[in-house]
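S.K.: Dropping the structure in here first, questions after.
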Amino acid sequence: MNLNLTTDKTHRYDAIVVGSGMTGGIAAKELTQKGLRVLVIERGREVKHIDDYDTAMKAPWEIQHRDKVPVRSAEELWANNRFVGMAQDDKAGFMTNDQQNPYVEKRPFDWIRAYHTGGKSMHWGRQTYRWNPADFEANAKEGIGVDWPIRYTDLAPWYTYIEKFVGVSGQAEQLAVLPDSHFLPPMPMSPPERFFRETMKQKLNRPVTIGRVANLTQPQPWHTALGRASCQFRNKCSRGCPYGAYYSSLSGAIPAARATNRLDILHDSIAAELIYDDKTGRATGVRVVNQHTLAVTDYSARIIFLNAGSMNTAALLLNSRSSRFPNGLGNDSDQVGRNIMDHHLGAGANATIEGFEEDLMYGQRPNALYIPRFRNWGSDRQTTYLRGFGYQGGASRSDWKRGVAMDGFGASFKQQMTQPGAWTIGFGGFGEVLPNPNNRMYLDPVKKDKWGVPLIVFDAAFGENEIAMRKDMMNSAAEMLDAAGFKNITGNNRQDVHLGLGIHEMGTARMGKDPKTSVLNKFNQVHDCKNVFVTDGAAMASSSCVNPSLTYMALTARAANYAVDQLTKKNL
Amino acid sequence: MNRRNALSHISLLLGSTLSAPTLLAMDRRGRHQRVPGGFTLTSDQRSLVATVAELIIPKTDTPGAIEVGVPAFIEMMLQDCYLQPEHQSFVAGVEQLQQAGFLSQSTADQTETLRRLEAETKELMKAYQVQQTKMGDNEDKELMKKQATGLPFWRLMKELTLLGYFTSEAGLQASFNYVPIPGKYELIKLKPGQKNYAY
């Protein structure tokens, strides 16, 4: 590891941010805007916003295999391909080659990765929800895991701050379970969806709202200034948006950070370990391996933000061993790598809708409906599981694809396929996963990748709480569709889902009040190495059931603000 | 299902199409290897596939399957996106039609043959779905997937014909109102017979 080691003045920065994705982008933006010279270390290739979205404007016939996955992609992207669509031609080029970046599954773990500028923020589902105050209190009340060292009020101003910056379309509803964000105008519902919303309100007293989504419906001046424009309703977001209409690190945070002229981004560079100085009790820098040349270079900085993605962030801590931290930097508590959480999905129901034959929605909405958590909330008490789930889904008219499973062929069948088919509706749950120290990842003691970095071993699985919740996720969806009078209701509860498939993997370096049982303090600082901040999903002490990116970004902005304040006060 | 059973199951399905040497060759193959040489069709088989595709999507006042290149699309897709089970079930279906003298039948008889095939496929699909469900629960599902029964010929043929046609440039443009950049999302009222949009 000491071959080709070089270090000189050009490798010194005020701050290093490991990772350029959802939270790395925000860290880079906040730190540069507050005057720091920042180096972002990105392990993957450079993707240039707009220029490199090579499939974004392709017509259906220009995508060779359409929505089918070639066998070669399925093999190369053996993990990514577990999530429907990730290995399709239009985005396979942006997803990590799993054969070249292997990991070990002691128990199955669906690890979806995108190693390039912007990371998974290029491909995210863009659903954007605040946690509610009870989410931060549940661990303490129920005696699960550790208590959060912060509460909703600590994060609320940072939620607002991030929401304004990224742009969140949604409908204010004044619900305690789902606090409103700072919204851009909501996207419309279709007539059957409006019918469903009204019926659920009347019959079950359950709110149904339009999804809260990070697509610009009415760009504000600060969005336009970054070159971002209105959503064009193509629903091809995951290819990268040439209009910059949905928020990603590529369309938002990185351009904002670049505008300060204080940002350098190092691509194709794997952060292998943090360098720790016993005398000062601080991390002094990051040791980086070049993807292609394998050259090793050290970069130093006064503060280091870890935003490599929850699993890689934990791996980086575990691989940073020193006499002070023999089990990995910040791992006195033995909690680094433990408590893997996610949101479990793949359980719900769908149905067909009669009527509404004259109604068609023009355009493709990159969004769905949202049904906030109603379980173990208010007067509802479940006996078989704790916490709850939210549903995402909606109604649409079927297209020619309905012809595959139906009878018929020939001239009249061909003609029929050119017309819209019946309305269908479906919902799938996103369920909270409880922290469990036995759900963990660790470094393989023997196996290393071609860069000399130990492979990650996953040893985690859903517990009884999740399994019980999934049954209800299926049954309650079916009940709601039935209550709305819809037909041909089919429930589903996929059995081939593992932790990771929600692509909300988190929890491997949790925040907490006590250094004995947690890794980070209330400002995301490593307890005993205060100039290292972890602000990606690794920091999470519980998972709530709402999509996490907004919370990660808010925690990042808050921690960056604190870090710069501490630097100014010479406390770091 | 163990490997020996899986192989004999395949040979049963395919009837006489797998010779003893082929079975021996399959037995020598490594468990995870793909079929050497992949998937190919003879020129007679290509004609048959084209004829069936054109019966599914015939030329009317808009182009048919052959005109927009569906037959070559089907072969390319089978080569690139499917494994041995589908290669075998597809060829088995083609050979079954060859043996029935499909290409020398009248159009009416061909249509009738395909209607029967469609009805039979419905039953096969039920069994296939049960098999897929079981596989979903199995630790060894990658191996099972490669040994499993392929999707029935008619299902593959119909799916790939519709996919190839309705996403081809000429087929899509002729069938739908193509709007690559809608720019908005709003309710419209359909007029009788109005074409769907494609994006």
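The values are calculated or read from the model by the stated rules, or taken from the named source; none is laboratory data. Since the model is a prediction, treat every value here as computed from it, not as a measurement. Backbone-built Cβ (ideal geometry, glycine too); neighbour counts: all protein chains shown.
S.K.: Could you list, in sequence order, the residues of the stretch B:176-196 that are in a strand (DSSP E or B) and not aromatic (Phe, Trp, Tyr)?
M.R.: B:Asn177, B:Glu186, B:Leu187, B:Ile188, B:Lys189
S.K.: Additional query: How many of the residues in the stretch B:179-197 are more than 7 Å from chain A (Cβ to nearest Cβ) and under 11 Å from A:Gly363 (Cα atoms)?
M.R.: 1
S.K.: Restricting the search to the stretch A:128-153, which residues are acidic (Asp, Glu) and assigned to a helix (DSSP H, G or I)?
M.R.: Residues satisfying the conditions are A:Asp135, A:Glu137, A:Glu142.
S.K.: Of all residues in the stretch A:322-359, count the ones that are touching a Pro at 6+ places or on another chain (Cβ under 8 Å), of a type in the set (A, V, I, L, M, F, W, C) and buried (at least 21 other Cβ atoms within 10 Å of the Cβ).
M.R.: Within the stretch A:322-359, residues that are touching a Pro at 6+ places or on another chain (Cβ under 8 Å), of a type in the set (A, V, I, L, M, F, W, C) and buried (at least 21 other Cβ atoms within 10 Å of the Cβ) number 2.
S.K.: Checking A:Ala59 against (1) crowded, with 19+ Cβ neighbours inside 10 Å; (2) more than 22 Å from the chain's Cα centre (by Cα): exactly one of these is not met. Which one?
M.R.: (1)
S.K.: Could I ask something else about it? Would you point out which residue out of A:Leu274, A:Leu294, A:Leu329 is assigned to a strand (DSSP E or B) and of a type in the set (A, V, I, L, M)?
M.R.: A:Leu274
S.K.: May I pose another question? For A:Gly211, all conditions in the list (1) over 30 Å from A:Asn80 (Cβ atoms); (2) out of contact with any helix residue (DSSP H, G or I) (no Cβ under 8 Å at 6 or more places or on another chain); (3) surrounded by 17 or more Cβ atoms within 10 Å (Cβ to Cβ) hold save one; what is the number of the exception?
M.R.: (1)
S.K.: Another question, if that's okay. Select from the stretch A:414-433 the residues that are within 22 Å of A:Ala477 (Cα to Cα) and part of a loop (DSSP other than H, G, I, E, B) and write down the one among them that is farthest from the other protein chains (Cβ to nearest Cβ).
M.R.: Ranking the qualifying residues of the stretch A:414-433, first place goes to A:Val433.
S.K.: Restricting to the stretch B:48-62, and then to whatever is among the hydrophobic types (A, V, I, L, M, F, W, C) and closer than 16 Å to B:Phe90 by Cα, can you tell me which residue is surrounded by the fewest Cβ atoms within 10 Å (Cβ to Cβ)?
M.R.: Here the residue is B:Ala50.
S.K.: Does any residue of the stretch A:250-263 turn out to be buried (at least 19 other Cβ atoms within 10 Å of the Cβ), in a strand (DSSP E or B), among the hydrophobic types (A, V, I, L, M, F, W, C) and in contact (Cβ under 8 Å) with a residue 60 or more places away in the chain?
M.R.: There is at least one residue in the stretch A:250-263 that is buried (at least 19 other Cβ atoms within 10 Å of the Cβ), in a strand (DSSP E or B), among the hydrophobic types (A, V, I, L, M, F, W, C) and in contact (Cβ under 8 Å) with a residue 60 or more places away in the chain.
S.K.: Can you spot a residue in the stretch A:483-506 that is within 25 Å of the chain's Cα centre (by Cα) and among the β-branched types (Val, Ile, Thr)?
M.R.: Yes: one or more hits.
S.K.: Sort out which residues of the stretch A:356-398 are in contact with a helix residue (DSSP H, G or I) (Cβ under 8 Å, 6 or more places away or on another chain) and within 14 Å of another protein chain (Cβ to nearest Cβ), and write them in order of number.
M.R.: If the condition is that a residue be in contact with a helix residue (DSSP H, G or I) (Cβ under 8 Å, 6 or more places away or on another chain) and within 14 Å of another protein chain (Cβ to nearest Cβ), then A:Phe356, A:Asp359, A:Pro366, A:Leu369, A:Gly394, A:Ala395 are the ones that fit.
S.K.: Checking A:Arg440 against (1) more than 9 Å from chain B (Cβ to nearest Cβ); (2) crowded, with 24+ Cβ neighbours inside 10 Å; (3) farther than 27 Å from A:Ile210 by Cβ, which test does it fail?
M.R.: (2)
S.K.: I'm trying to understand the selection: among the residues of the stretch A:337-355, which are away from chain B (no Cβ under 14 Å), assigned to a loop (DSSP other than H, G, I, E, B) and under 26 Å from the mean Cα position of the chain (by Cα)?
M.R.: Those that are away from chain B (no Cβ under 14 Å), assigned to a loop (DSSP other than H, G, I, E, B) and under 26 Å from the mean Cα position of the chain (by Cα): A:Gly337, A:Arg338, A:Asn339, A:Ile340, A:Asp342, A:Leu345.
S.K.: Let me ask another. Sort out which residues of the stretch A:162-196 are in contact with a Lys or Arg (Cβ under 6 Å, 6 or more places away or on another chain) and within 14 Å of another protein chain (Cβ to nearest Cβ), and write them in order of number.
M.R.: The answer is A:Met187, and nothing else.
S.K.: Of the residues A:Met86, A:Met122, which is free of Cβ contacts under 8 Å to residues at least 40 places away in the same chain, under 16 Å from the mean Cα position of the chain (by Cα) and either crowded, with 20+ Cβ neighbours inside 10 Å or farther than 28 Å from A:Trp158 by Cα (or both)?
M.R.: Selected residue: A:Met86, the only one of A:Met86, A:Met122 that is free of Cβ contacts under 8 Å to residues at least 40 places away in the same chain, under 16 Å from the mean Cα position of the chain (by Cα) and either crowded, with 20+ Cβ neighbours inside 10 Å or farther than 28 Å from A:Trp158 by Cα (or both).
S.K.: Can you name the helices (runs of 4 or more DSSP H) wholly within the stretch B:136-175 that have at least 1 residues being more than 8 Å from chain A (Cβ to nearest Cβ) and at pLDDT 95 or above?
M.R.: B:153-166, B:169-175
S.K.: Filter the stretch A:473-482 down to residues that are farther than 30 Å from A:Ile112 by Cα and within 26 Å of the chain's Cα centre (by Cα), then give me how many there are.
M.R.: 0
S.K.: Can you name the residue in the stretch A:89-119 that is out of contact with any helix residue (DSSP H, G or I) (no Cβ under 8 Å at 6 or more places or on another chain) and among the charged types (D, E, K, R) and, of all such residues, is surrounded by the fewest Cβ atoms within 10 Å (Cβ to Cβ)?
M.R.: The residue in question is A:Arg107.
S.K.: Suppose we filter the stretch A:399-426 for residues that are within 27 Å of A:Phe196 (Cα to Cα), small (Gly, Ala, Ser) and touching a helix residue (DSSP H, G or I) at 6+ places or on another chain (Cβ under 7 Å); how many remain?
M.R.: So the answer is 2.
S.K.: Take the residues in the stretch A:437-464 that are in a loop (DSSP other than H, G, I, E, B) and not hydrophobic (A, V, I, L, M, F, W, C); name whichever of them is nearest to the chain's Cα centre (by Cα).
M.R.: Only one residue fits best here, namely A:Asn439.
S.K.: Do the conditions hold for A:Lys401, that is, is it buried (at least 24 other Cβ atoms within 10 Å of the Cβ), at pLDDT 95 or above, within 14 Å of chain B (Cβ to nearest Cβ) and closer than 30 Å to B:Lys59 by Cβ?
M.R.: So A:Lys401 fails the test.
S.K.: If you don't mind, another one. Are there any pairs, at least 6 apart or on different chains, whose C-beta atoms fall under 9 Å, with the first in the stretch A:554-565 and under 17 Å from A:Ala301 (Cα atoms) and the second of a type in the set (A, V, I, L, M) and modelled with pLDDT under 95, and if so, which?
M.R.: Pairs found: A:Ala563/A:Leu572.
S.K.: Considering A:Lys570, A:Lys513, which residue is more than 30 Å from A:Pro108 (Cα to Cα) and either modelled with pLDDT under 95 or in contact with a Lys or Arg (Cβ under 8 Å, 6 or more places away or on another chain) (or both)?
M.R.: A:Lys513
S.K.: Residue by residue through the stretch A:469-499, note down the ones that are of a type in the set (D, E, K, R) and either part of a loop (DSSP other than H, G, I, E, B) or farther than 18 Å from A:Thr383 by Cα (or both).
M.R.: Of everything in the stretch A:469-499, those that are of a type in the set (D, E, K, R) and either part of a loop (DSSP other than H, G, I, E, B) or farther than 18 Å from A:Thr383 by Cα (or both) turn out to be A:Glu479, A:Asp482, A:Lys487, A:Arg494, A:Asp496.
S.K.: Something else: Please find, within the stretch A:200-249, the residue that is farthest from A:Gln33 (Cα to Cα) out of those that are assigned to a helix (DSSP H, G or I), over 23 Å from the mean Cα position of the chain (by Cα) and of a type outside the set (A, V, I, L, M, F, W, C).
M.R.: Ranking the candidates gives A:Lys203 first.
The rows are residues; the columns are (1) within 11 Å of another protein chain (Cβ to nearest Cβ); (2) in a helix (DSSP H, G or I).
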residue	(1), (2)
B:Thr60	yes, no
B:Pro63	yes, no
B:Glu67	no, no
B:Glu75	no, yes
B:Gln79	yes, yes
B:His87	yes, yes
B:Phe90	no, yes
B:Gln98	no, yes
